[in-house]
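The next block holds one structure in the form of structure tokens; read it before the comments.
The values are calculated or read from the model by the stated rules, or taken from the named source; none is laboratory data. Note that this is a predicted model, so its numbers are computed, not measured. Cβ: placed from backbone, ideal geometry, glycine included. Neighbour counts: every protein chain shown. Surface accessibility is based on the protein's heavy atoms, side chains included, excluding ligands, DNA and RNA. Shrake-Rupley method; radii C 1.70, N 1.55, O 1.52, S 1.80 Å.
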Amino acid sequence: MQTRLIHIILRWLIVSALFLATPVCAMDTLRVLAWPGYADPDVVRAFEQRYQAHVEVTFVGADEVLWQQMHAEHGQLFDVVAANSAEMQRYTREGLLAPLELSALPNTRKQLPRFQARASIPGLIHDGRVYAIPYTYSTMGLIYDRRQFSQAPQSMNAMWDPRFRQKVLDFNSAEHNFSFTALTLGIRAPFNLSPAQRARAAQRLIALRRNVLTYYNQPEEATELFVHHKVALMFGNYGTQQLSLLRRAGADVGYVIPKEGALAWLDCWAMTRAARNRVLAQNWINYMLDPWVSGLLTQRQGLANTLTASTDLTPNAKIIWLEPVVDTAEREALWQKIISGDRPRSF
Amino acid sequence: MRSGLGVKLAILMAAIGILASGLTGYYAYSKNRIMLVDAAQRNLLTSTQLLNRRMSSALNEFAADALFMANLPAAAKSATGDAGAKTRLYYVFNALLAAHPEYLQLRLISARQHGLELVRVDRDQQGLVRVQGQRLQEKGTFPYVFETLPLATGQIYLSRISINHEYGAHAAEGQPTLVIATPVVGPSGTCAVVVINVELASLLKMLQADLPNHFQLYLANNWGDFLIHPDPSQTFGFDRGRRILMQDSFPATQALFNHSSPSLVINGLEDPVQARDQVVAFVRKPYGQPEQKQFVVLGLAQPLRDVLTGANSLGKSIVRIVLAFSIISIALSMLFSRALTQPLNMLAHAATRFSSERALEALPLDRTDEIGILARCFDRMRSQIKSHMATQYETQQKLAYLAHHDQLTGLPNRMLFFQRLELAIGNARLRNEHLAVLFVDLDHFKEINDQLGHVMGDQVLQMVAQRLQNMVRASDTVARLGGDEFILLMEGIPEPSALNAIIDKLATSLNAVMALEQQSVRIGASIGISLFPQDGDTPEALIHHADQAMYQRKSQGRHMACFDQPG
């Protein structure tokens with residue numbers, strides 16, 4: 001009786017093991033490295049069903065972590081990666097990425113003309129081949145209090161306007177502050193400043209310091225300061241995402257892309273050189289540009305997608321896509337002195 | 001059978017004993033753990049609340065120092081640019097910094113000139129440093145300036161706890177700090193602020209002053225970012241662009257952040273996922289100006305191991321007690337099963353011995369229990385069987401006697417005679433001896449029977465039997481074949497000639513007058529003899545010969561013995 005039972009159990013186990021094992025063995029695994037919100041479980045599940053594949057997603061929260069993951073195990077850990085265009089430029093130069101076939105990415109034709117003009121965006125093309133496809137972006141425009149401005153500010157210079165003394169909020173970042181200040185100084189290459197240009201920018205940033213209330217780090221912090229101190233103008237590092245926070249806190253705010261142009265980050269998808277199944281990897285990138293998937297990004301994360309036009313990004317708006325900053329360390333050193341309150345003569 | 005019932009009983013009872021003591025032990029152990037953790041939770045919450053109060057009093061002390069400095073006349077005077085006042089204030093700052101190792105920086109900051117520092121003393125690795133001239137910085141963009149300036153006299157600004165990134169702040173640079181500030185009011189309103197920079201590590205040391213070493217402290221700001229954590233890499237994550245939140249590490253603390261509860265305790269016994277191997281108490285502490293609605297969450301953790309040390313030693317003694325009780329229960333169950341099976345075995349043995357040997361073994365008759373009853377029943381049954389068997393034996397003996405003897409004379413009958421003759425032939429053949437069979441037939445018995453009646457006849461036969469027995473040796477056999485026929489077996493005959501004398505003696509004796517009850521009769525007998533081995537070697541042959549001889553004799557005349565003449 002007992003041996004009979006054992007036989008039944010064994011047979012059942014073997015049959016179920018075979019049944020379970022077969023599809024797993026047959027399925028390809030796609031290893032995705034992305035930011036939170038870029039590959040939600042339901043989106044991943046739908047992809048797995050559509051392409052009969054298994055997807056493993058690893059999330060990162062910082063560019064440094066992304067860099068570490070991309071370099072771990074000799075860059076063999078992932079098939080597709082999401083990173084901003086400046087990072088992509090570094091990865092392409094290091095040869096970590098594989099070129100993409102546009103014919104395998106039919107959804108790119110649905111993108112806004114600005115994003116199809118890949119040559120105009122630094123970091124997407126290398127040696128005539130496409131390495132990254134734009135996915136989402138955020139501009140760093142000016143946020144202003146509609147009650148304190150009868151007309152929307154047109155220029156970045158409004159931040160230096162003494163009328164708004166201690167009514168301006170700036171973001172605490174060496175790179176961006178030097179870049180946008182360089183733009184106000186009419187410098188063409190804001191990501192690579194000469195020592196003289198940097199010195200000019202530093203003096204102008206001290207002037208800005210004397211006009212701002214303070215510097216913020218987190219969007220929640222900015223919202224609190226904006227409302228509590230009746231701030232008039234703010235450098236919107238987190239872009240339109242900050243607007244909803246501010247409006248929820250009761251602020252009547254507007255958003256403009258200044259005439260000098262707004263810095264903007266652009267996150268892209270790319271395929272790594274280590275991609276095991278290039279067809280599947282490109283299917284993923286194409287799938288990310290599916291109106292349904294890109295739409296969810298906007299709906300859930302409040303992030304702009306590359307398929308639908310947004311109110312802030314008019315076709316004529318001047319966008320300066322972020323590029324790797326060459327003089328980071330120098331900017332950092334100066335910035336520390338500036339925000340710590342060093343006076344002009346100590347520079 | 002012997003091992004079966006006893007062993008089974010012993011195992012069953014031992015198992016019940018072990019199970020009972022084991023379950024009791026386990027219940028006591030787990031109940032004790034729960035009680036210990038409950039007590040630890042209460043203590044920990046009290047400790048955390050104490051910590052909370054200690055933090056309040058530390059902050060009050062800092063505030064008192066700030067107010068003391070702000071109220072110095074030198075403070076307001078320094079704001080007007082009075083160099084002497086600045087020097088006097090410098091001395092005060094110096095003295096306070098010397099007395100308070102937790103202070104990293106003391107400053108007087110102007111309300112004008114973009115928040116220019118007026119008097120500043122920093123702590124350095126070597127000691128105290130007065131910062132002067134061009135090295136004084138504009139601090140207008142720092143909350144401790146722009147948030148403090150609008151405050152009324154006597155009000156205190158308390159900064160969020162953050163890492164100090166102010167360039168050139170000496171020992172304070174890069175340190176987690178807390179800033180306390182208060183406005184300095186001059187003749188024309190607020191003219192400056194006094195700012196104290198407190199090192200978080202020193203505050204932490206003050207808070208932890210008399211907490212046991214293994215207690216771990218957590219502190220989070222009102223968004224949940226860890227400021228203090230046993231693992232320093234988990235603190236100030238926001239400063240490195242990576243939020244590390246208390247709500248993520250301890251989801252239960254969400255209740256503190258959304259104000260649904262002022263304190264809570266979790267423990268690793270009930271919630272091993274959140275409070276892994278720990279008991280942790282959390283208390284929300286309002287912080288800074290009430291209108292800012294700021295707070296921090298203080299957490300205190302104690303390793304579960306510490307809490308359960310008592311339970312573990314109890315557990316060990318419980319294990320020992322359970323083991324001891326198990327051994328006792330095994331021993332007791334063995335003894336009990338022996339006590340139960342021994343009398344049963346005794347009964348079984350007695351039954352076996354009685355059935356095989358009719359032996360009356362001792363029985364536990366004195367017992368008053370069921371075994372005693374069983375023993376007494378068995379004993380009664382045994383005596384009944386014994387007496388039945390004795391009666392049966394007697395009857396058998398009687399039947400056997402009746403089967404082999406003649407009822408009237410008490411002599412062996414034909415059957416017994418044949419058996420004895422057969423035996424005798426065997427013996428004689430072995431010893432190479434002779435034996436003789438004498439066939440005696442009474443003469444005139446029929447007449448006596450007819451004339452005097454059966455009773456008399458019977459008396460005659462009894463008398464003849466007696467005479468025949470008297471005439472022969474005890475080793476010879478006299479038997480009655482029936483009617484008036486008797487037969488004799490004589491063993492160990494040296495030679496046939498000796499027989500004649502015996503036959504004469506017999507004939508004479510049988511011929512003698514018999515005195516019956518009323519009269520005397522005289523009866524004669526004819527005797528036929530056959531000899532072994534001459535006349536045959538089987539009982540039938542010998543008897544037949546003797547019979548023949550007797551008839552021959554009878555036909556020749558009575559009272560004579562005659563050997564059968566062969567042929």
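Remarks
- Distance (nanometres) between label positions extended 7 Å along Cα→Cβ at B:D239 and A:D252: 4.1 nm
- Amide H within-cut-off set for B:Y167, under 5 Å, with H built and near neighbours excluded: A:S340
- For the range A:59-73, 3J(HN,Hα) computed residue by residue from phi via the Karplus equation (6.51, -1.76, 1.60; θ = phi - 60°) reads 9, 10, x, 8, 4, 5, 5, 4, 4, 4, 4, 5, 9, 5, 6 Hz, glycine and proline entered as x.
- Descending principal axes extents, the range B:177-332, alpha-carbon based, whole Å: 98, 30, 28
- Integer Hz, Karplus 6.51/-1.76/1.60 couplings in order for the range B:421-432, x for Gly and Pro: 5, 4, 4, 5, 4, x, 5, 5, 5, 5, 8, 6
- Largest-first ellipsoid semi-axes for the range B:328-472, taking √(5λ) over the Cα gyration tensor eigenvalues, angstrom: 62, 22, 8
- From helices alone, the protein assembly as shown scores -15000 deg cm²/dmol at 222 nm; the rule is -39500 (n - 2.57) for each run of n ≥ 4 DSSP H residues, then divide by the residue total.
- Note on exposure: A:C268, B:C377 ranked by accessible area (1.4 Å probe, complete protein assembly) read B:C377, A:C268, with the most exposed listed first.
- Debye-sum result for the range A:217-325 in log10 I(q)/I(0), which assumes one identical scatterer on each alpha carbon, at q = 0.13, 0.15 Å⁻¹: -0.65, -0.82
- Average silhouette area of the range B:286-329, convex hull of alpha-carbon atoms, in square nanometres: 4.6 nm²
- Compactness ratio for the range B:414-563: Cα radius of gyration over 2.2 N^0.38 Å (N = residue count) comes to 1.03.
- Taking 1.002 mPa s as the viscosity and 20 °C as the temperature, the Stokes-Einstein diffusion coefficient of the protein assembly as shown based on its alpha-carbon Kirkwood radius rounds to 53 µm²/s.
- Summed over both chains, the area buried between A and B is near 2000 Å², taken from the accessible surface of protein heavy atoms with a 1.4 Å probe.
- Members of A:K167/B:K293; A:K167/A:K318; A:K167/A:K259; B:K86/B:K285; B:K8/B:K316; B:K205/B:K293 lying beyond 28 Å, as alpha-carbon distances in this model show: B:K86/B:K285; B:K8/B:K316
- More than 31 angstrom apart: percent of Cα pairs within chain A: 42 percent
- Where only C-alpha atoms are counted, convex hull volume of the range A:217-268 per residue in Å³: 93 Å³
- Antiparallel %, DSSP beta bridges [both residues in the protein assembly as shown], to 5: 85 percent
- Beta bridge orientation in chain A: antiparallel %, DSSP, nearest 5: 60 percent
- Taking every Cα-Cα distance in the range B:6-77 and sorting them into 10 Å bins starting at zero, the pair-distance distribution P(r) comes out as 16, 17, 15, 13, 11, 10, 8, 6, 4, 2, 0 percent.
- Within the range B:279-312, backbone nitrogen closer than 15 Å to the virtual label 7 Å beyond the Cα of B:L50 toward Cβ: B:281, B:300-302
- Distances between placed amide hydrogens fall under 5 Å for A:L263 paired with A:M140, A:I320, all partners being 5 or more residues away or on another chain.
- Average 1/r across all pairs of distinct alpha carbons in the range B:74-114, invert it, and you get the Kirkwood radius: 10.9 Å.
- Value of Rg to Rh for the range B:71-204 (Rh from inverse mean 1/r over Cα pairs, i.e. Kirkwood): 0.93
- Burial here means at least 30 square angstrom less accessible surface with every protein chain in place than with the chain by itself, probed at 1.4 Å; in the range B:129-176 the buried residues are B:Q134, B:Q137, B:E138, B:T141, B:F146, B:E147, B:R160, B:H165, B:Y167.
- Minimum 10 Å² accessible area buried by the other protein chains, the range A:305-342 residues, probe 1.4 Å, relative to alone: A:Q336, A:K337, A:I339, A:S340, A:G341, A:D342
- Per residue, the range B:414-563 exposes 48 Å² of accessible surface when a 1.4 Å probe is rolled over the protein heavy atoms with every protein chain present.
- Annotation: Cα Rg of the range B:444-533 relative to the compact-globule expectation 2.2 N^0.38 Å equals 1.15.
- Across chain B the C-alpha pair distances fall into 10 Å bins from zero in the proportions 3, 12, 12, 8, 6, 5, 5, 5, 4, 4, 4, 4, 4, 5, 5, 5, 5, 3, 1, 0 percent.
- Estimated FRET transfer efficiency when R0 is 56 angstrom, pair A:R146-A:A72 (beta carbons, to 0.05): 0.70
- The accessible surface of the protein assembly as shown, taken with every protein chain in place and a 1.4 Å probe, is 56 percent carbon and sulfur.
- Paramagnetic label reach from B:Q462 (point 7 Å along Cα→Cβ; backbone nitrogen cut-off under 17 Å): within the range B:394-436, residues B:406-412.
- Over the range B:1-127: Kirkwood hydrodynamic radius from C-alpha pairwise inverse distances, Å: 21.1 Å
- Ellipsoid fit via the Cα gyration tensor, the range B:143-207: semi-axes of 25, 13, 9 Å, each the root of five times an eigenvalue, largest first.
- Amide H contacts under 5 Å for B:A275, placed H, 5+ residues apart: none
- Each part gets one Cα centre, and for the range B:332-362 versus the range B:48-107 those centres are 100 Å apart.
- Theoretical gain in end-to-end length, A:T314 to A:A199 [0.36 nm per residue, Cα-Cα removed]: 38.0 nm
- Here r is the Cβ-Cβ distance between B:E270 and A:E48 and R0 is 30 Å; the resulting FRET efficiency, rounded to 0.05, is 0.20.
- For the range A:165-189, a drop of 10 Å² or more in accessible area on going from the chain alone to the assembled protein chains (1.4 Å probe) is found at A:R165, A:Q166.
- Accessible-area ranking of B:L149, B:L23, largest first, probe 1.4 Å: B:L23, B:L149
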